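These notes concern the structure reproduced below.
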Amino acid sequence: MKLFEVAFQNPRIDTDVELYFKAQGKYIVQNNCIFFEPQSKINFGTYFNSLSIGKYLQYTKVKEFYINYDIIGSGIIKVFYSYKDKLTDKIITKLLQHISFDCKRRDELSCKIPTKYNNAIEGMIYFQIEASKKGCNLYGASYEADIEGDVEDIKLAINVCTYKREHLVMENINYLENYISKNNLDIKMFIIDNGQTLKCRTSNIVNIIPNKNSGGSGGFRRGMIEIVASNSEYTHILIMDDDTIMDGYILNKLNTFLQILKPEFKEIWLGGSMLYLEKTYLQFDAGGQERGRRFLLKVDFFDQTSSHVYLTTSATTSLLLCLWEELV
């Protein structure tokens, strides 16, 4: 089962490329493909493209992990496991695999991650590709897994509240509607229009609902009421602000994660991390918690292009209690 695809930089989101991969040497990204110049090297041990092996082992029914590569050319693939040592606060990195490849034609390689690392409680799995003197092209890669037990049926609704911010919410509606349709996802958006200024249109993906100006909490509450009343048997609701800039692949990743949760974690609330819009390499919230009437941020402006930072924050972010469910 595919857990998630490796993401190349999304042109819609003006993020630092080092949130996706770190390169040594020349390369070109074009048509969702990375063209490696001869002897160049790209490391995918990054914020978006590492596999949080500890969280998958703790919360899901994953039994074995694999990495699939859609590639042509020749070179070396190295797979690493990195974690932060709690005693020394240093990052420990271990080489798991060293694979030579020489693909005359575009081919798919599937490599199993050694099982002796399947007892990890935290840390990240990731890979690095080193092109030979001939170079190579990477058309895609994904983390996959064998699942122990049944895969659950998940039906996701997106709940957005807005008030007279058409330029923001319409950009999100158009992008997500296109992404959901293109990827054939069973997801519907419920847009609660507190300003009653959006053009009312309903499709099989988008439902715009005029509402009195009841504020953010009232708007989201109306959205949840409408979702439940729709009789479409939604299992989960994603609550999202109208100005959140989301990479659509997160929807695939979230949907799969929910499908394979262990029975004891079926009722958990998931909260995503948020990046600072003006400086998108900075994370200013991950796993925020509500205590009484106070909302507490989990982290504050961490540079996620730093390997030490993203390994540290990923290890300490809880999945169990989050008020916001926004994913950037």
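The values are calculated or read from the model by the stated rules, or taken from the named source; none is laboratory data. Here the structure is a predicted model, which is why all the values come from computation and not from measurement. Glycine gets a Cβ as well: all are built from the backbone with ideal geometry, and neighbour counts include every protein chain shown.
Please state which of the following conditions residue 222 fails to meet, knowing it meets all the rest: (1) over 25 Å from the mean Cα position of the chain (by Cα); (2) assigned to a loop (DSSP other than H, G, I, E, B); (3) surrounded by 17 or more Cβ atoms within 10 Å (Cβ to Cβ).
The failed condition is (2).
What's the number of the condition residue 223 fails, among (1) in contact with a strand residue (DSSP E or B) (Cβ under 6 Å, 6 or more places away or on another chain); (2) closer than 30 Å to residue 62 by Cα; (3) in contact (Cβ under 8 Å) with a residue 60 or more places away in the chain?
(2)
Give the residues of the range 98-138 that are of a type outside the set (A, V, I, L, M, F, W, C), surrounded by 15 or more Cβ atoms within 10 Å (Cβ to Cβ) and at pLDDT 90 or above, sorted by residue number.
126, 128, 130, 132, 135, 137 - these are the residues of the range 98-138 that are of a type outside the set (A, V, I, L, M, F, W, C), surrounded by 15 or more Cβ atoms within 10 Å (Cβ to Cβ) and at pLDDT 90 or above.
Quick check on my filter: what residues within the range 182-230 are among the hydroxyl-bearing types (Ser, Thr, Tyr) and closer than 21 Å to residue 156 by Cβ? Talk me through it step by step, then tell me what you get.
The initial filter retains those residues of the range 182-230 that are among the hydroxyl-bearing types (Ser, Thr, Tyr), namely 197, 202-203, 214, 217, 230.
The answer is 202, 203, 230.
Results for (1) exposed (fewer than 15 other Cβ atoms within 10 Å of the Cβ); (2) not aromatic (Phe, Trp, Tyr), shown as yes or no for each residue.
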| position | (1), (2) |
| --- | --- |
| 24 | yes, yes |
| 32 | yes, yes |
| 35 | no, no |
| 42 | no, yes |
| 45 | no, yes |
| 49 | no, yes |
| 52 | no, yes |
| 63 | yes, yes |
